[in-house]
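One structure below.
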Amino acid sequence: MEKKKVVSKKEIVTKDVTICPSTAQMIEKAKRDGVETAFDRAANMKACPIGADSACCKHCSMGPCRLNAKAPYDKVGVCGATIDTIMARNFARMVAAGGAAHTDHGMSMLDLFREVVNGKILDYEIKDTQKLESVAQEIGIETEGRSVKEIATALYEELERTYTQVEGEIPFAKRVPEKTLEVWRKQGIVPRGAMREIMELMHRSHMGVDQHYENITKQCSRTALADGWGGSMVATEIADILFGTPTPVAVDVDMGVLKEDQVNIIVHGHEPNLFESMLVSSQDPALVEKAKAAGAKGINLVGMCCSGAEMLVRHGIPHAGNFMSTETVLVTGAIDAFCVDVQCIKQGLVAVAECYDTPLFTTNPRCKIEGAEHVEFHEHDPRECTDAMIIKAIHRFQNRTAKIEIPKNTGSGVHGFSHEYINYMLGGTFRSSYVPLNDNIINGRIRGVAGVVGCTNPRVKQDWVHVELVKELIRNDILVVQTGCSQIALAKAGLTTPEAAHLAGSGLKEVCETVGMPPVLGLGACVDNSRILIACAEMVKTGGLGESIADLPVAGAAPEYMSEKAICIGQYFVASGVFTVFGVSFPIVEGTKFHKHLFQELEDEGMGKWGFTPDPYEMAKMMIDHIDAKRKALGIDKARERVLMDMADRQKLSA
Ligand code: SF4
Ligand code: MSK
C-alpha cells in the first residue's frame, strides 16, 4: 500500500501546541517527514460552533434541529424541544457513553476474576489476598474461617450486582458516607446496576421521553454514580486483588525511556489484563533470547496513556507519554510494535504507524481499526496473543528501515499512591489511618486536597494547563492527587518527586518533607478516580471535616479533558459532593436553565457543582476559593492569603 503522507494546509507552531519537549521534537520531525498528527488536524478542523454550544439535536428524522444558543433561547426543535432539553439530552448521552466505557471495562475485570476463581483461567491469580478480604468485609461478606476461594466466590457474586441489579442499592453504596447517601436517597439517585442505569438514561434521552432538564440531570447523576461507585470502583478493586495494590515506586517517564538498541514495544489503552500478560511474555527467556539473536540488547516494554499509568503504579514499568503523544511517539521510528486494547485509541495512529513501518495491533474484539492488524487477546490463553505480538516486534526490529530519533528527555518520579497506601504513609505501620491527613488539614498545614485528572487535548497547549494549575495549587498548600494522562504531564514536569516539595507552600512542604512524599500523588489510570472517592469517604469517616463529602475542603479538575468518560467522571464527582472544574470548553451554554442547574442548583441540593474555565490560574483561584469557603463553614479557617504567582515569579521558577 502506498504510504499516506499528508501535508496540512495550516502549519502548526510547535511551541504553541505543547510544552512537552519530546512531543515538540517529534512534531518537528513529523513536519520534516511530511507526517500529519492530531495537532495538525486540530489546527485545520475548526470546532463546529453549534456542536460546541450543544445546540443541535439529531435524535429523530424530523431534524436534525439547530437552535440558537443565544438568549432569549426562544427557538425550539421541530418537536418543540427547548435548548435546555436538547443540551441535557446531549449531556446525558455523554454520561451514558462514558459510564458504559468504564463499566464495561469493570465487567471485563470481573469476568476475568470469576474465571480465575473458578480455576478456568490459570495464567492469572489472586495476588493480594489482604485486599480481597478487606473489600469483602467492607461490603458485609463474612471472611472469618473461610478460604480464599470461598471469599472470592462470595465477592464475585456480590459485585456482579454492580452491573445487573434491577432494584436496590449497589454493593459499594456501603462505602458512601451516611449523610452523602441520605442526599442521594432524598434525590432518588442511589444507583442500581449500571446496565439498568445506562439503559434508562439512553431511553430517557430518546426523542419524546424525558423533557425536563432537572429530571434528566437526576438520571445523569444516578448513571454516573453507577460508574464511580460501581463499574470503575470494581475495575480498580479487582485489578488490585488480581495484580497487586500499588505502593510507591520510582519510575522513568517520557520518550527518553525508549532504547535504540532494544525491541521497543508500546502498550496503550486501558485494561490491565493485556499489559500484565505482555509483561510476562516480555520476560520469557525464550523470547528475550530471540530478541538477542535478532541483534537487540533486550525487550523494552513501555506504557502509554492509562494502560501505562496502571502498570506504572503497579509494576514501575516506564511510561512514554500521555494521550497527545501517542502519535508522536511513533515518529521516533523506534517503536517495533504498538499494541492497543480499548479507549482513547486514535484512528490516526494507523497512518502514522504506516509511515514508520511500525506494526499496529488491535487486541480487543470491541476495538478493531481499519488498517491495523488484529491479534485477538483471550484471557484463557493470553500468551498466544502477547507472544505473537512480541515475535512480530522482534521481526520489525531486525528489519528496521525508519530513521530513528529518540528524544533524550526522561523524568523520574514516585508513583503508586493507592488510597490504602496514603493511609499507611501518613499514619505509619502501627496506626495507619487518615487521622494525620485530617489533622494537617484542620491545623492548616494542608489547606485542602485537589484531584487533578484527565486527558490532554489538541485544542489547548498539551500539559500546560495541568502543570500551571498544579503548581498554583501546591504553592497554596493544596495536596494534589492525580490519575490518568494528567499524572503523566506532571511526572514529565518533575512534580511527582519528593524534591518537588520546594515548590509547595510552607505548610504542605513541611508535611511532604516530614513524610518524604511528593506534593503531587499519582494514583493510577482514569478508571482509578474511584480511589479518590474512597479517599474522600475515608476523610469523612475519620472525622473533623464534616459529615458528608460535600463538607470537605476538596475540589476536582480535568483541565485538558476530551473524552465522554471525563464528563461521566465529572458528574459522579459533582453528585458525590465535589466542586469540579473543567477546562478546554464546556458542552453547555451559560445563561440557560440547565447550565444554572449544573453550575449552581445541585450544590443547593447537597451535592457538588460544576465549574468551567480554560485558564489554569483562574481555575486554581476557583478551587482555592471553594476550599477556603468549605474551611470557613467547618470553622477551621484562619487568615491565610491566596498566593497566585505573577509572571515574574513564574519566570523565576522556570529559570
Ligand atoms: Fe429536532 Fe426534536 Fe427530533 Fe431533536 S427530537 S431532531 S429537536 S424534532
Ligand atoms: S487515557 S480518558 S485521554 S485520561 Fe484514560 Fe488519558 Fe483521558 Fe484517555
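If you scan the stretch 498-520, which residues turn out to be open to solvent by less than 20 Å² (accessible area, probe 1.4 Å) and either away from ligand 2 (no atom under 16 Å from the Cβ) or polar (S, T, N, Q) (or both)? Hits for the stretch 498-520 are A500, A501, A504, G505, G507, L508, V511, C512, M517, P518, P519. The set of residues from the stretch 392-423 being in a helix (DSSP H, G or I) and modelled with pLDDT under 95 comprises H419, E420, Y421, I422, N423.
Considering each of A101, A42, A71, A52 in turn, give the residue that is touching a Lys or Arg at 6+ places or on another chain (Cβ under 7 Å) and more than 23 Å from P191 (Cα to Cα).
Values: A101 fails: more than 23 Å from P191 (Cα to Cα); A71 fails: touching a Lys or Arg at 6+ places or on another chain (Cβ under 7 Å); A52 fails: touching a Lys or Arg at 6+ places or on another chain (Cβ under 7 Å).
From the options A101, A42, A71, A52, the qualifying one is A42.
Answer yes or no: is there a residue in the stretch 220-241 that is at negative phi, away from ligand 2 (no atom under 16 Å from the Cβ) and surrounded by fewer than 22 Cβ atoms within 10 Å (Cβ to Cβ). No.
Quick check on V234: is it farther than 30 Å from V76 by Cβ and assigned to a loop (DSSP other than H, G, I, E, B)? Walk me through how you get there before you give the answer.
Working: farther than 30 Å from V76 by Cβ: yes; assigned to a loop (DSSP other than H, G, I, E, B): no.
No: the conditions fail for V234.
Only one of the numbered conditions (1) under 28 Å from E125 (Cβ atoms); (2) surrounded by fewer than 16 Cβ atoms within 10 Å (Cβ to Cβ); (3) assigned by TED's automatic domain parsing to the domain that holds V540 is not met by N423, and that is (2).
Taken together, I141, I198, I216, I189 contain a single residue that is in contact (Cβ under 8 Å) with a residue 40 or more places away in the chain, on the phi < 0 side of the Ramachandran plot and not in a helix (DSSP H, G or I), which is I189. The numbered conditions (1) in contact (Cβ under 8 Å) with a residue 60 or more places away in the chain; (2) surrounded by fewer than 17 Cβ atoms within 10 Å (Cβ to Cβ) are all true for A402 except (2). The residue that is nearest to P365 (Cα to Cα), among those in the stretch 68-103 that are away from ligand 1 (no atom under 16 Å from the Cβ) and surrounded by fewer than 20 Cβ atoms within 10 Å (Cβ to Cβ), is A97. If you check C20, C65 for being in contact with a Cys (Cβ under 9 Å, 6 or more places away or on another chain) and open to solvent by less than 50 Å² (accessible area, probe 1.4 Å), only one passes: C65.
Does T85 fit the bill of being over 24 Å from V584 (Cβ atoms), within 24 Å of the chain's Cα centre (by Cα) and hydroxyl-bearing (S, T, Y)?
Values: over 24 Å from V584 (Cβ atoms): yes; within 24 Å of the chain's Cα centre (by Cα): no; hydroxyl-bearing (S, T, Y): yes.
Here the answer is no, as T85 does not meet what is asked.
Considering only residues in the stretch 34-67 that are of a type in the set (K, R) and within 21 Å of I588 (Cα to Cα), the one that is nearest to ligand 1 (Cβ to nearest atom) turns out to be K58.
Within the stretch 63-98, the only residue that satisfies the criterion of being more than 13 Å from S205 (Cβ to Cβ) and within 16 Å of ligand 2 (Cβ to nearest atom) is G98. Residue count for the stretch 562-619, restricted to those that are of a type in the set (F, W, Y) and not in a helix (DSSP H, G or I): 5.
From the list K9, K58, which one is under 28 Å from H203 (Cα atoms) and more than 16 Å from ligand 2 (Cβ to nearest atom)? Step through it out loud before you land on a result.
Numbers: K9 fails: under 28 Å from H203 (Cα atoms).
Testing whether each residue is under 28 Å from H203 (Cα atoms) and more than 16 Å from ligand 2 (Cβ to nearest atom) leaves just K58.
Of the residues examined, D463 is one that is within 16 Å of the chain's Cα centre (by Cα), at positive phi and in the same structural domain as N529 (by TED's automatic domain parsing).
Test K149 against the stated conditions and say whether it is of a type in the set (K, R) and closer than 22 Å to N273 by Cα. Let's see the steps before the verdict.
Numbers: of a type in the set (K, R): yes; closer than 22 Å to N273 by Cα: yes.
Spelling it out, K149 is indeed of a type in the set (K, R) and closer than 22 Å to N273 by Cα.
The set of residues in the stretch 558-587 being of a type outside the set (F, W, Y), within 27 Å of G416 (Cβ to Cβ) and touching a helix residue (DSSP H, G or I) at 6+ places or on another chain (Cβ under 6 Å) consists of A558, P559, E560, K565, C568, I569, S576, G577, T580, V581, G583.
Contact annotation: residue pairs with Cβ atoms under 8 Å, 6 or more positions apart or on different chains, pairing a residue in the stretch 43-72 that is on the phi > 0 side of the Ramachandran plot with a partner that is more than 9 Å from ligand 1 (Cβ to nearest atom), are S54/A69; S54/M87; S54/N90; S54/F91; S54/P587; S54/I588; S54/V589. Taken across the stretch 548-557, residues that are out of contact with any Gly (no Cβ under 8 Å at 6 or more places or on another chain) and within 16 Å of ligand 2 (Cβ to nearest atom) do not occur at all.
Kindly indicate whether N457 is touching a residue at least 40 places away in the same chain (Cβ under 8 Å), over 26 Å from A320 (Cβ atoms) and either more than 16 Å from ligand 1 (Cβ to nearest atom) or in a helix (DSSP H, G or I) (or both).
Working: touching a residue at least 40 places away in the same chain (Cβ under 8 Å): yes; over 26 Å from A320 (Cβ atoms): no; either more than 16 Å from ligand 1 (Cβ to nearest atom) or in a helix (DSSP H, G or I) (or both): yes.
So N457 does not fit the description; no.
Hey, any hits in the stretch 317-336 for a residue that's open to solvent by 10 Å² or more (accessible area, probe 1.4 Å) and in a loop (DSSP other than H, G, I, E, B)? Yes: the stretch 317-336 contains one or more residues that are open to solvent by 10 Å² or more (accessible area, probe 1.4 Å) and in a loop (DSSP other than H, G, I, E, B).
The residues of the stretch 37-58 that are at pLDDT 95 or above, surrounded by fewer than 21 Cβ atoms within 10 Å (Cβ to Cβ) and part of a loop (DSSP other than H, G, I, E, B) amount to a single one, K58.
The values are calculated or read from the model by the stated rules, or taken from the named source; none is laboratory data. It should be emphasised that the depicted structure is a prediction, and the values quoted were computed from it without experimental measurement. For neighbour counting, all protein chains shown are included, and Cβ atoms are generated from backbone atoms with ideal geometry for every residue, glycine included. Side chains included, ligands, DNA and RNA excluded: accessible areas come from the protein's heavy atoms. Shrake-Rupley method; radii C 1.70, N 1.55, O 1.52, S 1.80 Å.
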